[in-house]
Each structure stands twice: as structure tokens, then as C-alpha cells.
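Each value in this text was obtained by applying a stated rule to the coordinates, not by laboratory testing. Note that the structure is predicted; figures quoted are calculated from it, not measured. In this analysis, Cβ positions are derived from the backbone assuming ideal geometry, glycine residues included, and neighbour counts consider all displayed protein chains.
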Amino acid sequence: MSGISIATVVIEAPERSGSLATARLALEEGRDVFVVPGNTSHPNYKGSHHLIRQGARLVTSARDILEDLDIKPTSS
């Protein structure tokens, strides 16, 4: 998936997960990686928080991603 995407968004990733593998590939391909943080004591977010510590972009809304990618939202 990372090869056909302009960026990867990780929502929830345990320490060992396919999400982390995809994020690693995205970084190797020079693509942006965004991570939504979660509960710091929950094991399903340990991988997510590790990505943030490694430099992935912390996001709290879709607007954060659109701004970073310089995509202007369209109004309906």
C-alpha cells in the first residue's frame, strides 16, 4: 500500500504489526508517515508512539494531514 500512496497514516499499531511494516516501507520510499496518538499505557499504541519518537508526524485531525501535504480542502 505504501508504494501507491502519497502518505501513510497509522491509527493504532502494537509493537509488532503490519502497520509498522507499512510505515517502515513508506519511510524507505521517502513518503510521509502520519500517526494518530493513543493512550500511552495501552499496548496497541506502543508501535504508534515509537513511530512518533522516530520522527513520524503526529496528527490529531485530517486537517493536519491536508496542511502538511499542501492539499486544499474543497467545499461542498
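Please give the FRET efficiency for Ser5 paired with Ser41, using the beta carbon to beta carbon distance and R0 = 25 Å, rounded to the nearest 0.05.
Details: r = 30 Å, r/R0 = 1.22.
Calculated transfer efficiency: 0.25.
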The answer for Leu58, listing residues at least 5 apart or on another chain whose modeled amide H is closer than 5 Å to its amide H, is Val35
Most exposed to least, judged by fewest other Cβ atoms within 10 Å, Leu51, Leu27, Leu66 sort to Leu66, Leu27, Leu51
One point scatterer per Cα, no solvent, Debye formula: log10 I(q)/I(0) for the chain at q = 0.20, 0.25, 0.26 Å⁻¹ comes out as -0.81, -1.15, -1.21
Listing Val35, Val10, Val59 by rising number of other beta-carbon atoms within 10 angstrom, fewest first, gives Val59, Val10, Val35
Computed over the chain: longest principal axis from alpha-carbon atoms vs helix 18-28 long axis, angle to nearest 10 degrees, is 60
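If each DSSP helix of 4+ residues adds -39,500 (n - 2.57) and the sum is divided by the residues in the chain, what number results at 222 nm, nearest 500 deg cm²/dmol? It would help to have the intermediate numbers written out before the result.
On the way: 3 runs with 26 residues, N = 76.
Per the formula, -9500 deg cm²/dmol.
If contacts are Cα pairs under 8 angstrom and at least 6 residues apart, what is the relative contact order of the chain in percent? All intermediate terms of the calculation are to be shown ahead of the outcome.
Details: 112 pairs, mean separation 21.9, N = 76.
29 percent.
What's the FRET efficiency of Glu12 with Thr74 using the Cβ-Cβ distance as r and R₀ = 22 Å, to the nearest 0.05? If you can, show how the numbers build up before the last one.
Numbers: r = 28 Å, r/R0 = 1.29.
For Glu12 and Thr74, the calculated efficiency is 0.20.
Which net charge results when you count Lys and Arg as +1 and Asp and Glu as -1 among the other residues whose beta-carbon is under 15 Å from that of Gly30? Don't skip to the end; give the middle numbers.
Details: positive: Arg24, Arg31, Arg57; negative: Glu28, Glu29, Asp32, Asp68.
Neighbour charge sum, excluding Gly30 itself: -1.
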